[in-house]
1. Return the residues of the stretch 13-33 that are exposed (fewer than 13 other Cβ atoms within 10 Å of the Cβ) and not in a loop (DSSP other than H, G, I, E, B); say none if nothing qualifies.
2. Report every pair of residues separated by at least 6 positions or lying on different chains whose Cβ atoms are under 6 Å apart, first residue within the stretch 65-85 and without any contact (Cβ under 8 Å) to a residue 60 or more places away in the chain, second hydrophobic (A, V, I, L, M, F, W, C).
3. Consider only pairs whose beta carbons are under 7 Å apart and that are at least six residues apart or on different chains; among these, list those whose first residue lies in the stretch 153-168 and is more than 16 Å from Asn92 (Cα to Cα) and touching a residue at least 24 places away in the same chain (Cβ under 8 Å) and whose second residue is surrounded by 10 or more Cβ atoms within 10 Å (Cβ to Cβ) and of a type in the set (Phe, Trp, Tyr).
4. May I ask you to say which residue of Lys137, Lys162 is of a type in the set (D, E, K, R), over 30 Å from Leu248 (Cβ atoms) and under 22 Å from the mean Cα position of the chain (by Cα)?
5. For Tyr204, are the conditions met, namely being over 16 Å from Tyr37 (Cα atoms) and either open to solvent by 40 Å² or more (accessible area, probe 1.4 Å) or in a loop (DSSP other than H, G, I, E, B) (or both)?
6. Let me confirm something: among Tyr70, Tyr52, which residue is open to solvent by 80 Å² or more (accessible area, probe 1.4 Å) and under 30 Å from Pro107 (Cα atoms)?
7. Given the condition at pLDDT 85 or above, in contact with a Pro (Cβ under 8 Å, 6 or more places away or on another chain), surrounded by 11 or more Cβ atoms within 10 Å (Cβ to Cβ) and part of a helix (DSSP H, G or I), answer yes or no: does some residue in the stretch 85-104 qualify?
8. Taking the residues in the stretch 117-137 that are assigned to a helix (DSSP H, G or I) and more than 30 Å from Ile6 (Cβ to Cβ) as candidates, determine which candidate is most open to solvent (accessible area, probe 1.4 Å).
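The values are calculated or read from the model by the stated rules, or taken from the named source; none is laboratory data. Just so you know, these numbers come straight off a predicted model, no measurement behind them. Virtual Cβ from ideal backbone geometry, glycine too; neighbours counted across all protein chains shown. Accessible surface is based on the protein model in full, side chains and every heavy atom, while ligands, DNA and RNA are left aside. Shrake-Rupley method; radii C 1.70, N 1.55, O 1.52, S 1.80 Å.
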Amino acid sequence: MILSIIMTYAVLSTVNVADLMDKKPKGHLTFSLGLDYVIGMCLSWVPLVADYSRYARNINGAAHATYWGYALSSIWMYFVGLLCTIATGLWNASPIPIMGALGLGIPGLLIIFFSTVTTAFLDVFSAGVSASNLFPKFSERRLVFIAGVSGTLISLVFPIDKYQSFLLILGAVFIPIESIVLVDYFLIRKHLKPADLTKPEGSYWYRGGVNLVAFVAFVVGFALYEVSYFQAWPIGSSFISLIITAVLYYFLMRLLHRDQFSKVRRSGIYKNHAAG
């Protein structure tokens, strides 16, 4: 928090916000495409939230801390990044060089170090936890190690100038996934059975542990996201993928798996478990 305040001060002391507001945007980025970038970035973090929020004392605390912590910090950092981008005219503008020019190189170096370490840790740990659902015979420690090595190797060859395209891939993958999760929890089951998550013949077993309806809905949502992007639909890709995936999953489940629908709405059910 202290380093972020120093970084914000460095940027605001260098650029004139009033002058920047008068500048006209350049480039071909539309509002809907910019929205898709932001939504893709936000939703890509949703699956790992449960790795930490499962330790919260109650569901309200977990929900509010997650929402406000992410929303406020994102708005703050988007604002700082926007100022740097407009001031320099560079798509990959960074506040770190500005801090260095003001003699704040050490705080800038610490920001790079802490942000890189914490982000990488979240990703690697979450990848290991998620993989344990697919490979329950492997220890979580081994899967985390494999994820760390794999991520390091990929980062050595990943073209950082293609990061915007990467954000769109994240949106295409995670938006239909989260749509299915939300519909399944709030409209179909209305509660979670943690003990059944890894239980053969349990509530989530379907066909050998695979919900084919969810896969069909996901593929359709992914395809619609890609089509709407390449066709440049004015509504954007995120909302069309989210809505169509949700509607398709709900009605296919109602048609093929009516037994999954909760007969009685249960409120206040909260277990100290992570949803797989």
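1. Scanning the stretch 13-33 gives Ser13, Val17, Ala18, Asp19, Met21, Phe31.
2. Short answer, once both residue conditions are applied: Thr66/Val49; Thr85/Ala93.
3. Leu168/Tyr229
4. When all the criteria are applied, what remains is Lys162.
5. Yes.
6. On the way: Tyr70 fails: open to solvent by 80 Å² or more (accessible area, probe 1.4 Å).
Being open to solvent by 80 Å² or more (accessible area, probe 1.4 Å) and under 30 Å from Pro107 (Cα atoms) holds for just one of Tyr70, Tyr52, which is Tyr52.
7. yes
8. So in the stretch 117-137, the residues assigned to a helix (DSSP H, G or I) come out as 117-134.
The next check asks that each one be more than 30 Å from Ile6 (Cβ to Cβ); those that pass are 127-134.
Working: Ala127: 46, Gly128: 0, Val129: 19, Ser130: 58, Ala131: 25, Ser132: 32, Asn133: 80, Leu134: 132 Å².
My answer is Leu134.
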